[in-house]
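**Student:** Submitted below is the structure of interest, expressed as structure tokens.
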Amino acid sequence: MNFSPEHETTALQNFLTVDVEDYFQVSAFEHRIARRDWPSYPSRVEANTERLLQLFADCDVRGTFFVLGWVAERFPGLVRRIAAEGHELASHGYWHQLVYRLTPEAFRADLRASLQAISDAAGVRPIAYRAPSFSITQRSIWALEILVQEGFTIDSSIFPIHHDRYGVPGANPEIHLRETPAGSITEIPPSVGNWGPIRLPVGGGYFRLLPLPLTNLAIGSLTKQSRPTMLYLHPWEVDPQQPRIRGVGLRSRFRHYVGLRRTEPRLRCLLRKHSFTSIGRLLPSATEPQLDETPHA
């Protein structure tokens, strides 16, 4: 999906997205922390999200916040503030469950619970969804039909990379329409740029791990193709003082804690160098997404 010159202002705009979840709710820790025990952990999601809201206000940018329903139900004032500051509300599910481990019935119930929690908090019904840990894969592509049936028009869950927990290698990396038996939905994949032959994902742990110049190169490679970058992050990523969870593997510990002290200053630099906005503000200005007829995902 290309952006026509007449839709551009001074620079190509990119998508700024936040997955609003707490540090103890990540998929990598679910074997150590039962969901029934979430209330016993000291929550930091409200303070960390406020920190991001202040940073975004300082940089005069707006973004899309994929809010976990569990968080919306317990911190409705935070959800209202996100909306009041001009940001877009979207769904991240309710229980942060991997979609490919759910039945279609359980997925629909989780989805509806998240919609109810967000709507009760802010009076807004989201139309965009992102699966926890990008867990719409080849095994759970059926979830797109349910999203359409439940009124969603945008999904951002299919990561076109290989990863041990998520990803669909070979999936369409551009914004595109995906047809389901219930109708079409616009897919906005997390971005993967290029540095020569090397593919560089943008956002999350990759943003903390990769040197900032490489992230800028990745964004630049997409800009040259007139393709917006999808940047994603989590509130816990600006919180180097968060409690450490014991008993997790070396790989999970590295992925979660690497570069936490670098996130906020890097993010501030990135927001000042490139133009970012929410999905809702940017997507209507785009040319129509093309239907993806490839069979790969």
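**Student:** Show that you can apply the helix-only estimate: for the chain, add -39,500 (n - 2.57) for every DSSP H stretch of four or more residues, divide by all residues, and state [θ] at 222 nm to the nearest 500.
**Tutor:** Values: 10 runs with 100 residues, N = 297.
Value at 222 nm, helices only: -10000 deg cm²/dmol.
**Student:** Where in region 42-70 does the amide nitrogen come within less than 18 Å of the point 7 Å from the Cα of residue 35, taken along Cα to Cβ?
**Tutor:** The answer is 67-70, whose backbone nitrogens lie closer than 18 Å to the label point.
**Student:** Here is a further query. Among DSSP bridges having both ends in the chain, what percentage is antiparallel? Round to the nearest 5.
**Tutor:** Details: 9 of 31 bridges.
In the chain, DSSP labels about 30 percent of beta bridges as antiparallel.
**Student:** Over region 11-291, what is the relative contact order in percent, taking alpha-carbon pairs closer than 8 angstrom and at least six residues apart?
**Tutor:** Working: 528 pairs, mean separation 67.6, N = 281.
Dividing the mean separation by the residue count of region 11-291 yields 24 percent.
**Student:** I would also like to ask the following. Packing-wise, with mean Cβ within 10 Å as the measure, how do 188-200, 78-90 rank, highest first? Before the final figure, lay out the partial values.
**Tutor:** Numbers: 188-200: 17.6, 78-90: 20.3.
Highest mean packing first, the order is 78-90, 188-200.
**Student:** Okay, next question. Under the Karplus relation 6.51 cos²θ - 1.76 cosθ + 1.60, θ = phi - 60°, what is the ordered set of whole-Hz ³J(HN,Hα) values for region 32-46, x standing for Gly and Pro?
**Tutor:** Values per residue, Gly and Pro as x: 9, 10, 6, 4, 5, 9, 3, x, 7, 8, x, 6, 10, 5, 5 Hz.
**Student:** Sticking with this structure for a sec: For residue 65, enumerate residues with amide H under 5 Å from its amide H, sequence gap 5+ or separate chain, H modeled in the peptide plane.
**Tutor:** 18, 88, 89, 90
**Student:** Sorted by mean Cβ packing within 10 Å, highest first, what order do the peptides 243-251, 153-161 take? Walk me through the numbers before you get to the answer.
**Tutor:** Details: 243-251: 11.2, 153-161: 22.6.
Top of the packing list down: 153-161, 243-251.
**Student:** Could you tell me whether the chain comes out rounded, prolate or oblate from its Cα gyration tensor? Rule is a ≥ b ≥ c as square roots of the eigenvalues, rounded for a/c under 1.5, then prolate if a/b exceeds b/c, otherwise oblate. Can you show the working numbers first?
**Tutor:** Working: a/c = 1.29, a/b = 1.11, b/c = 1.16.
Note, shape of the chain comes out rounded.
**Student:** I would also like to ask the following. Provide the per-residue ³J(HN,Hα) series for region 49-62, in order, calculated from phi with Karplus coefficients 6.51, -1.76, 1.60 and θ = phi - 60°, each as a whole number of Hz, with x at glycine and proline positions.
**Tutor:** Once rounded to whole Hz, the list reads 5, 4, 4, 5, 4, 5, 4, 5, 5, 4, 8, 6, 10, 10.
**Student:** Sort 105, 145 so that the residue with the fewest other Cβ atoms within 10 Å of its own Cβ comes first and the one with the most comes last. Walk me through the intermediate numbers first.
**Tutor:** Working: 105 9, 145 17.
Ranked by crowding around the Cβ, least crowded first: 105, 145.
**Student:** Taking 0.36 nm per residue of sequence separation and subtracting the Cα-Cα distance, how much length would be gained by fully extending the chain between residue 246 and residue 179, in nm to one decimal?
**Tutor:** Contour length minus Cα-Cα distance gives 19.8 nm.
**Student:** How far apart, in nm, are two points set 7 Å out from the Cα along the Cα-to-Cβ line at residue 138 and at residue 43?
**Tutor:** That separation, rounded to one decimal, is 3.9 nm.
**Student:** HN-Hα J couplings of region 107-122 from phi, Karplus 6.51/-1.76/1.60, θ = phi - 60°, integer Hz, Gly and Pro as x?
**Tutor:** 5, 4, 5, 5, 4, 5, 5, 5, 4, 5, 5, 5, 5, 4, 6, 10
**Student:** Still on this structure: Quick one: if the Förster radius is 51 Å, what FRET efficiency do residue 120 and residue 212 give, using the C-beta to C-beta distance and rounding to 0.05?
**Tutor:** My answer for the efficiency is 0.85.
**Student:** Please list, ordered by chain and number, the residues whose modelled amide H lies under 5 Å from the amide H of residue 194; skip anything fewer than 5 residues away on the same chain.
**Tutor:** Hits under the 5 Å cutoff: 200, 221, 222.
**Student:** Taking the simple approach of a point 7 Å from Cα along Cα-to-Cβ for both residue 106 and residue 81, what is their distance in nm?
**Tutor:** Taking the simple label geometry, residue 106 and residue 81 are separated by 3.4 nm.
Computed from the coordinates by the stated procedures, all read-outs in this text should not be read as laboratory data. It should be emphasised that the depicted structure is a prediction, and the values quoted were computed from it without experimental measurement. Every residue, glycine among them, receives a Cβ derived from its backbone with ideal geometry; neighbour counts consider all protein chains shown.
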